[in-house]
Each structure stands twice: as structure tokens, then as C-alpha cells.
Amino acid sequence: MKLPVLLAALVAVATCFETFVGHQVLRVIPKSDEELQKVQELQDLEHLQLDFWLAPRGLGLPIDIRVPFASLMLVKTHLEASGVSYSVMIEDVQALVDEEQTEMLRSSRQLPLNTNTFNYEAYHTLDEIYNFMDMLVAENPNLVSKLEIGRSTEDRPLYVLKFSTGGTNRPAIWIDTGIHSREWVTQASGVWFAKKIVQDHTNNEGVASILETMDIFLEIVTNPDGFAFTQTKNRMWRKTRSKHSGSICVGVDPNRNWDAGFGEAGASSNPCTETYHGPYANSEPEVKSIVDFVKSHGNIKAFISIHSYSQLLLYPYGYTETPVPDQQELHEVSAKAVAALSSLYGTKYKYGSIITTIYRASGGTIDWTYNQGIKYSFTFELRDTGRYGFLLPAKQIIPTAEETWLALKVIMEHARDNMY
Amino acid sequence: IPESGHKYYLQFSTEDYRTGEDAGSCLATVLYPKKKSPPVVSIKCSRTKDKKEIQEEDNRLYQRIRHQTKPITGNDIPDSYGNIEPALEPVWALAVAGSSSIMWEKSTETLGYFLAQVKAVKQWMRKDDFIEFDYTVLLHEIPTQEIISCHMRLTWLPGHPLKVKHFCASESPGMDGGSGAESGSAAGASAEKGANF
């Protein structure tokens with residue numbers, strides 16, 4: 001049909017600021033020569049500015065006319081007075097043009113219509129990720145729900161996806177990505193993980209068995225203010241975007257703000273530094289909201305916080321050299337997880353406690369969660385080891401997510417099989 | 001070593017930055033004296049490539065750059081998404097080499113660096129055969145996690161050592177004000193392992 005072509009042409013014209021507000025498209029099917037003639041008369045009236053989408057061809061063949069708003073009354077009266085019946089094909093041409101334009105922009109920007117057309121091989125904006133979450137929930141309402149656990153300093157919602165096949169307050173696994181906003185491969189991997197959980201469940205493989213007895217919570221953009229800042233102002237931004245009195249500098253390191261060795265060696269008290277711990281523990285809403293969630297849930301058994309880069313799997317502590325009581329078990333689980341990860345693409349990971357493997361760091365996430373009794377507390381540092389660092393090429397997103405997922409499964413399965 | 005300082009014995013392998021190919025292995029000792037002074041380094045490396053191969057690759061790199069008709073300029077290499085324009089790869093390669101000398105000078109027993117990004121590069125055309133570039137590079141400092149902005153002036157001709165002049169200012173998140181180095185980082189931070197914890 002000619003309609004889409006003409007609409008497209010109109011859109012092209014429309015983008016040159018011409019408007020079709022109030023224009024209608026009328027259809028006449030002439031049943032007699034008189035009727036045909038009446039319509040042809042209209043063609044001669046140039047001042048009406050009629051646009052014949054389907055010109056008069058013969059009896060019984062439709063004539064489509066786009067009539068500008070100003071001429072509508074006249075044309076309709078003319079047809080009615082002549083006893084020529086017509087129907088209104090398009091009530092408001094502009095509305096249709098607008099819709100088409102949106103659709104065109106959408107497809108040119110590849111805004112996905114569902115999570116199967118979503119591009120997992122690319123980095124996305126905050127809005128795109130939030131949109132992805134909504135689509136995932138809409139597509140799988142019996143498995144996935146979206147929780148708002150708080151709001152960021154700049155009042156952005158802090159969303160957590162809950163994957164559950166039922167039960168009440170089942171033992172759960174927590175995974176967060178993007179707590180440090182410049183570590184883009186982590187948020188991107190989080191998106192992939194979300195889809196993977198759904199796929200496994202649909203195909204009854206992988207984590208489907210874990211979901212039979214446990215819930216999974218996934219916070220993909222744990223630091224949305226920072227993330228937005230990396231997209232608009234400074235790609236290397238790490239911290240939150242809070243302003244605390246007494247300093248012109250912005251932001252607190254959300255991985256130094258937890259109540260575990262808070263303020264001790266391994267964090268900075270200078271607000272202008274990247275490891276500034278903040279004025280007090282849990283000063284950051286991004287951190288406080290997770291603390292509140294974990295405490296009120298009360299049944300989280302494994303907590304995994306994901307960073308990049310360095311290719312490491314770490315367990316507590318970072319704030320003290322005292323080994324955790326479960327050191328041996330965590331070390332063994334790490335060995336297994338790292339082996340699983342490497343099996344896919346040969347990516348080499350090192351593992352151990354934070355303080356022995358990298359450096360002393362106080363007020364860190366998994367030190368707090370471990371002290372809360374969440375034995376299986378781990379942190380990942382994903383690809384790479386410094387060649388691209390934070391600027392990991394997008395084509396490495398999926399391989400990174402895939403291999404990391406194998407390690408996560410080891411941890412999740414171990415938690416499930418060693419319930420405490 | 002009591003009264004003297006800390007001595008480290010290192011054995012490590014190297015790889016080609018571009019291709020990831022094995023490039024040889026090294027044995028080194030690094031002595032950090034008790035009083036703050038540059039470390040004493042002794043190092044011995046074995047190469048996988050012979051001198052001739054290296055010379056040829058250097059010449060190829062050099063020619064690629066010399067063949068440009070206009071002065072090369074660039075920004076954000078790699079870009080936010082990790083992409084490096086093929087035309088700018090040689091310039092990035094030189095930045096990697098040049099900034100390694102900055103990192104060599106700046107590193108201490110407790111502070112290490114990675115090249116995070118080439119923020120800007122501008123070529124200075126010279127009348128002689130040397131090629132010259134002005135860079136702004138961002139170094140990622142461990143364990144402070146700071147991003148340090150350095151200005152680097154690099155000059156090179158194959159067969160000659162890279163000449164690098166640099167000046168680094170720390171880029172504090174507020175953009176103003178000095179960055180405190182009072183991060184309270186512990187001694188014993190491994191110089192090899194960067195992390196973004």
C-alpha cells in the first residue's frame with residue numbers, strides 16, 4: 001500500500017518543520033460518473049492544497065485525499081452537498097507522523113523492543129539499562145520483580161531485581177555491579193547476568209536448580225549518580241556524587257563507606273581523594289540502602305560485589321590482617337570458582353584475601369557483609385589487567401560476563417549445598 | 001635487610017603490548033633504601049625477538065607516522081568504549097612506551113601506576129627526522145585510585161632511545177585543590193598487582 005511510503009515522505013517533510021496538525025485523509029469510492037466528476041472538480045481547486053494520495057482512476061476504485069485543516073470544512077460540505085459519501089481514513093495526520101518519527105528514531109538508535117533484541121555487546125546509558133530492567137520484568141512477571149531500595153544523592157532510584165520462584169524470604173544470593181561507576185564492564189555484565197538467569201530458568205538449566213530453593217537479588221547500577229557522571233562529564237569518575245559540608249570536593253568512595261574498620265588505615269579522610277571514606281559509615285544512600293536491605297532481609301547467604309579491573313577473586317578482610325575464621329573454606333571455593341572461570345577463555349585470575357592480595361582497604365563492602373554473618377562474601381575484579389583498564393572494549397563484555405558467570409555459579413551452588 | 005631497606009627479588013615474563021605474544025622473561029632485584037631515595041635496580045632480560053626484528057618493527061612504526069601528511073592529533077585514546085582508531089594506534093603505542101618512563105620514575109615501594117587513557121595528543125612537526133608528540137596522559141595510581149594527569153613531550157627516531165619529558169599534576173575529583181596523599185595505604189602494597197578495589 002502506498003500509505004507507508006507517503007507517511008515516510010511526510011515524515012521527511014515533517015522534519016523540515018512542516019506540520020500536518022489537524023489534516024485528515026478522506027476516502028471516496030465513486031459509484032457513478034457524477035461522483036467521480038465531483039471529486040475531480042476538487043482537484044482543480046489549487047487553493048485547497050489537496051494532496052491526492054490515490055488519484056481518481058475509475059468507478060469503484062478508492063480516491064484518497066489528504067485535506068489540510070483549513071480546507072476540511074469546504075471539502076466535506078462539497079462532498080456532502082453532492083451526495084458523495086466519504087470516510088475518514090486518518091483523523092489526524094500529524095499524530096501518525098509523530099508516531100512514525102518516534103519509531104524511526106527508535107530503530108535508528110536501536111532502542112530494543114524486548115530483551116531479545118537488546119544489544120548485550122554494547123555499553124548502555126542509565127536510561128537504557130533502566131528500560132531493560134522494566135522489559136525483563138514485563139516479560140517474566142512470575143520470576144522477576146523490581147525493587148526500589150532507596151534513592152541516590154541526586155535522587156535517582158536504586159533498583160534491585162529480584163529473581164524468585166516463590167516461597168517466603170528464601171535464603172538468598174546478592175550480586176551488585178557498578179558500585180564504582182567507571183568500571184563499566186561490571187554494569188554491562190550485570191545486564192547480561194539478569195538475562196542469563198531468566199534464560200536458565202526458561203530452559204531449566206544452569207541456575208534453575210538454585211532458584212528452586214533460593215532467591216537471587218541483582219543490583220545492576222549500584223551507583224547511578226556516578227554512572228550518569230561518567231557518561232556526561234568524566235569517564236573516570238569512581239565515587240558517589242555527594243557533597244558534604246566543609247569541602248568543595250564531591251563524592252565518597254562507596255567501597256570505603258561501610259561499617260567495617262570504618263575510617264581506619266586503608267581509606268582516606270581527604271574528601272578530594274578517590275578513596276575518601278565519607279564523614280561517617282553509611283553516609284552514602286547508595287550504601288545505606290543496601291545495609292538496610294540486607295538487615296531487614298535477614299536471610300542472605302552469599303554476597304558478591306563486582307568491580308573491575310585486575311582479574312582477581314577476593315574474600316575478606318581488607319581492613320585487618322587477621323584472617324577470617326572461614327578462611328580455608330573461602331580459599332577453596334575461590335580456587336574452584338577461578339578454575340571454572342578460566343576454563344572458558346583461559347583468562348587468568350588470582351585469588352585470596354583483600355589485604356594479602358591487593359592492599360589494605362577499610363570500610364569495604366564484603367568486610368561488613370561477612371561480619372554480618374554472610375559467610376560467602378566475595379569481590380570480583382573483572383577484566384583486564386591494565387591494558388585497557390576501565391576502558392575495556394565492548395566486544396569483551398560478553399566473554400567477560402560469560403566467564404564470570406561460571407565462577408558465580410560455583411559460589412552460588414556452594415552456598416546452596418552448604419546452607420548455614 | 002635490617003638497617004638497609006627492603007629488597008625484592010623478581011622473576012617475571014613480558015609480552016608484546018599489541019599482540020600479547022611472549023616477549024621474553026626477566027630476573028631483577030629492587031632495593032628500596034631505608035631513607036627515601038630512588039631504588040637500586042639490577043635487571044637481566046632474555047629476548048624472544050632478535051635485534052633485527054625489533055629494528056624492522058620500529059622502522060615500520062616510524063614510517064607509518066612519517067607518512068601522514070598532516071600533523072597527527074587525537075583525543076580520548078581509547079575512547080569511553082575502549083575503541084582505538086586504527087590510524088591512531090601508532091600514536092597510542094608511543095604513548096604506552098613514553099608513559100612507562102613516567103611510571104618508572106614515579107613508582108615507589110607503595111605506589112604503582114597504569115596508563116588509563118591518552119587524553120590528548122598533538123604532533124609537532126620538526127625539520128629533522130625526529131618525530132615529536134605532545135601528550136596529555138591519564139595515569140591510574142594504585143592503591144590511591146587517583147587519576148593523575150601528566151603532560152608528556154616525547155621525541156623519537158628509530159635506533160635512538162625514546163626521549164621523554166613530563167610534568168604531572170594530580171587531578172583531584174573536585175578539579176581544584178591538591179589531592180591528599182594521606183590515603184593511609186599500608187606498606188607491602190604489591191607493585192605488580194593493580195586493583196580497583
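The values are calculated or read from the model by the stated rules, or taken from the named source; none is laboratory data. For clarity, every value in this text was computed on a predicted model and none was experimentally measured. Cβ: placed from backbone, ideal geometry, glycine included. Neighbour counts: every protein chain shown.
Screening segment A:310-420 for helices (runs of 4 or more DSSP H) wholly inside it with 1 or more residues that are among the hydrophobic types (A, V, I, L, M, F, W, C), at pLDDT 95 or above and more than 28 Å from the chain's Cα centre (by Cα) returns the ranges A:327-345, A:354-357.
State yes or no: is residue A:252 at pLDDT 95 or above, in the same structural domain as residue A:388 (by the TED database), more than 18 Å from the chain's Cα centre (by Cα) and crowded, with 23+ Cβ neighbours inside 10 Å?
Details: at pLDDT 95 or above: yes; in the same structural domain as residue A:388 (by the TED database): yes; more than 18 Å from the chain's Cα centre (by Cα): yes; crowded, with 23+ Cβ neighbours inside 10 Å: yes.
For residue A:252, the condition - at pLDDT 95 or above, in the same structural domain as residue A:388 (by the TED database), more than 18 Å from the chain's Cα centre (by Cα) and crowded, with 23+ Cβ neighbours inside 10 Å - is met.
For segment A:263-277, check the following and say yes or no: at least one residue is under 27 Å from residue A:349 (Cα atoms), facing another protein chain (nearest Cβ under 9 Å) and surrounded by fewer than 22 Cβ atoms within 10 Å (Cβ to Cβ). Looking through segment A:263-277, at least one residue is under 27 Å from residue A:349 (Cα atoms), facing another protein chain (nearest Cβ under 9 Å) and surrounded by fewer than 22 Cβ atoms within 10 Å (Cβ to Cβ).
In segment A:241-276, how many residues are farther than 23 Å from residue A:373 by Cβ and out of contact with any helix residue (DSSP H, G or I) (no Cβ under 7 Å at 6 or more places or on another chain)? If you could, list the steps in order and put the result at the bottom.
Restricting attention to segment A:241-276, the residues satisfying the condition of being farther than 23 Å from residue A:373 by Cβ are A:241-253, A:265, A:267-276.
Filter once more, keeping what is out of contact with any helix residue (DSSP H, G or I) (no Cβ under 7 Å at 6 or more places or on another chain): A:242-253, A:265, A:267-276.
Of the residues in that region, 23 qualify.
Among the residues of segment A:376-398, those that are more than 13 Å from every other protein chain (Cβ to nearest Cβ) and either surrounded by fewer than 20 Cβ atoms within 10 Å (Cβ to Cβ) or aromatic (Phe, Trp, Tyr) (or both) comprise A:376, A:398. Total residues in segment A:179-202 satisfying the condition of being more than 11 Å from chain B (Cβ to nearest Cβ) and not in a helix (DSSP H, G or I): the figure is 1. In summary, residue A:285 fulfils each of the numbered conditions (1) at pLDDT 95 or above; (2) touching a Ser or Thr at 6+ places or on another chain (Cβ under 7 Å); (3) within 14 Å of chain B (Cβ to nearest Cβ) with the single exception of condition (3).
Scanning segment B:62-85 for residues that are under 18 Å from the mean Cα position of the chain (by Cα) and among the hydrophobic types (A, V, I, L, M, F, W, C) yields B:77, B:84. Looking at residue A:210, is it assigned to a helix (DSSP H, G or I), over 26 Å from residue A:117 (Cα atoms) and over 14 Å from the mean Cα position of the chain (by Cα)? Considered against the rule, which asks whether it is assigned to a helix (DSSP H, G or I), over 26 Å from residue A:117 (Cα atoms) and over 14 Å from the mean Cα position of the chain (by Cα), residue A:210 comes out as yes. In segment B:118-171, of all residues being in a strand (DSSP E or B) and hydroxyl-bearing (Ser, Thr, Tyr), the one that is farthest from the other protein chains (Cβ to nearest Cβ) corresponds to B:155. Note on segment A:39-61: residues that are over 15 Å from residue A:87 (Cβ atoms), touching a strand residue (DSSP E or B) at 6+ places or on another chain (Cβ under 9 Å) and in contact (Cβ under 8 Å) with a residue 24 or more places away in the chain total 4.
For the residues A:324, A:252, the requirement of being away from chain B (no Cβ under 12 Å) and more than 29 Å from residue A:167 (Cβ to Cβ) singles out A:324. If I go through segment B:71-89 residue by residue, how many of them are in a loop (DSSP other than H, G, I, E, B), closer than 21 Å to residue B:123 by Cα and within 14 Å of chain A (Cβ to nearest Cβ)? Total satisfying the criteria: 5.
Please determine, by comparing only the residues of segment B:90-117 that are within 13 Å of another protein chain (Cβ to nearest Cβ) and either among the acidic types (Asp, Glu) or assigned to a loop (DSSP other than H, G, I, E, B) (or both), which one is nearest to residue B:135 (Cα to Cα). Of everything passing the filter in segment B:90-117, B:111 is nearest to residue B:135 (Cα to Cα). If you go through segment A:158-193 and keep only what is more than 15 Å from residue A:405 (Cβ to Cβ) and of a type in the set (A, V, I, L, M, F, W, C), you end up with A:158, A:160, A:161, A:172, A:174, A:179, A:184. Taking each residue of segment A:311-340 that is over 21 Å from residue A:362 (Cα atoms) and looking for partners that are assigned to a loop (DSSP other than H, G, I, E, B) with beta-carbon atoms closer than 6 Å, six or more apart or interchain, yields A:338/A:349.
Exactly one residue out of B:133, B:114 is more than 30 Å from residue A:252 (Cα to Cα), surrounded by 15 or more Cβ atoms within 10 Å (Cβ to Cβ), among the aromatic types (Phe, Trp, Tyr) and modelled with pLDDT of 90 or more: that is B:133.
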